[in-house]
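Q: Questions regarding the structure given below will be posed in turn.
The values are calculated or read from the model by the stated rules, or taken from the named source; none is laboratory data. Here the structure is a predicted model, which means the values were calculated and not measured. Reconstructed Cβ throughout: ideal geometry from the backbone, glycine too, with neighbour counts over all protein chains shown. Side chains included, ligands, DNA and RNA excluded: accessible areas come from the protein's heavy atoms. Shrake-Rupley method; radii C 1.70, N 1.55, O 1.52, S 1.80 Å.
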Amino acid sequence: MEDAVMNAEHEPGAPAPILVAIDGPAGSGKSSVSRTAAEALGFGILDTGAAYRALAWTAQRIGLDLDDAAAMEVLLDNWVYRITLRGTQQVTVAVPGGVGAAVPELAEGVDVTAAIREHSVSGQVSRVSKHPAVRERLNEMFRRTVAESGLPGVVIEGRDITTVVAPDAPVRILLTASPEVRAQRRAGELPGLTPEQVLADLTARDAKDALVVDFINPAPGVTLVDTSDLNFEQSVQAVVDIVRAAQGAAEESKK
Ligand SMILES: Nc1ncnc2c1ncn2[C@@H]1O[C@H](COP(=O)(O)OP(=O)(O)O)[C@@H](O)[C@H]1O
Ligand SMILES: Nc1ccn([C@@H]2O[C@H](COP(=O)(O)OP(=O)(O)O)[C@@H](O)[C@H]2O)c(=O)n1
């Protein structure tokens, strides 16, 4: 598996970026709040869910069994994943050889930025993210992508970032909101589905994901931010304030 950061500013010997780790359930605001907070901080953003979505999309496109861990590992051997770390996260995948040979468009690379957000992918992605071996390989890719980004800081968001991917990050946040509020927000993005349908889908996905990783209870040292009663700007401000406070404390401790 290869990964590349299309608009990274990596310079050999550049200092390691400051990491802001954010976890939370579906619809809690991880992607949107993290992206806007990252822009305010001058940091990059890595949406780890996009990789699980892109892997599920690729496996579906080839016709592989998403429940088959060994098949997912074979796919990963030839899977080339690219994501931009600034602005809207642009995602492309390619499978230049091996199991991808049956699908010629995958040899070139396909922009899946929009496709991976579709309902057909959201409903299936837990089937690939449940495999421990898949998680290990993607986690290694996330750590490398961030370390090699050359950016001053990166907000990295997902389900197990505060606990597994970056447990030593100087800022670790669990972003939550009540299931009803999360479904209401998501329903606004999915015309054609009622808030009740969105709530049912979201609750089902959270239940499957929760079998693999705990993203409801903050681990020790992780700051809980409940956005149920915060608007979007207030949620972004809450994250930015936590990062700035941590940066201030780090500066003080150097004196
Ligand atoms: N605090 C908030 N108040 C209002 N809307 C929000 C808030 N946080 C997120 N949203 C909106 O809710 C939707 C889901 O957010 P998203 O970032 O996609 O969640 P996640 O990445 O956790 O699944 C988006 O349309 C986003 O703009
Ligand atoms: N660090 C992560 C990120 C996502 N995922 C998986 O990827 C799926 C999609 O993640 P996402 O962050 O795009 O989902 P939303 O919360 O945005 O709906 C989740 O439902 C999990 O199955 C994971 O297992 N671990």
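Q: Kindly indicate the residue of the stretch 36-51 that is open to solvent by 20 Å² or more (accessible area, probe 1.4 Å) and touching a residue at least 60 places away in the same chain (Cβ under 8 Å) and also nearest to ligand 2 (Cβ to nearest atom) among those meeting that condition.
A: Out of the qualifying residues, it is 49.
Q: Only residues that are more than 11 Å from ligand 2 (Cβ to nearest atom), surrounded by fewer than 19 Cβ atoms within 10 Å (Cβ to Cβ) and under 23 Å from residue 119 (Cβ atoms): list them for the stretch 156-189, please.
A: Result: 178, 179, 180, 181, 184, 188.
Q: Can you name the residue in the stretch 52-70 that is closer than 18 Å to residue 96 by Cβ and in a helix (DSSP H, G or I) and is also farthest from ligand 2 (Cβ to nearest atom) among such residues?
A: 62
Q: Does residue 116 satisfy being within 15 Å of ligand 1 (Cβ to nearest atom), of a type outside the set (Gly, Ala, Ser) and either at pLDDT below 95 or over 19 Å from residue 134 (Cα atoms) (or both)?
A: Judged against the criteria, residue 116 is not a match.
Q: Across the stretch 159-199, what is the number of residues that are at pLDDT 95 or above, more than 10 Å from ligand 1 (Cβ to nearest atom), assigned to a loop (DSSP other than H, G, I, E, B) and of a type in the set (A, V, I, L, M)?
A: 2
Q: Moving on to the next point. Of the residues in the stretch 200-255, how many are in a loop (DSSP other than H, G, I, E, B), open to solvent by less than 80 Å² (accessible area, probe 1.4 Å) and farther than 20 Å from residue 162 by Cα?
A: Number of matching residues: 3.
Q: Another question, then. Quick check, is residue 140 free of Cβ contacts under 8 Å to residues at least 24 places away in the same chain, away from ligand 2 (no atom under 12 Å from the Cβ) and out of contact with any helix residue (DSSP H, G or I) (no Cβ under 6 Å at 6 or more places or on another chain)?
A: yes
Q: Okay, next question. Restricting attention to the stretch 179-205, which residues are under 16 Å from residue 24 (Cβ atoms) and under 20 Å from the mean Cα position of the chain (by Cα)?
A: Result: 179, 182, 183, 185, 186, 202, 203, 205.
Q: Further, regarding this structure: Any residue at all in the stretch 206-227 that is within 17 Å of the chain's Cα centre (by Cα), more than 12 Å from ligand 1 (Cβ to nearest atom) and among the small types (Gly, Ala, Ser)?
A: Yes, the stretch 206-227 contains at least one residue that is within 17 Å of the chain's Cα centre (by Cα), more than 12 Å from ligand 1 (Cβ to nearest atom) and among the small types (Gly, Ala, Ser).
Q: Can you tell me which residue among 73, 2 is farther than 26 Å from residue 246 by Cα, surrounded by fewer than 17 Cβ atoms within 10 Å (Cβ to Cβ), acidic (Asp, Glu) and at pLDDT below 95?
A: Answer to the check: 2.
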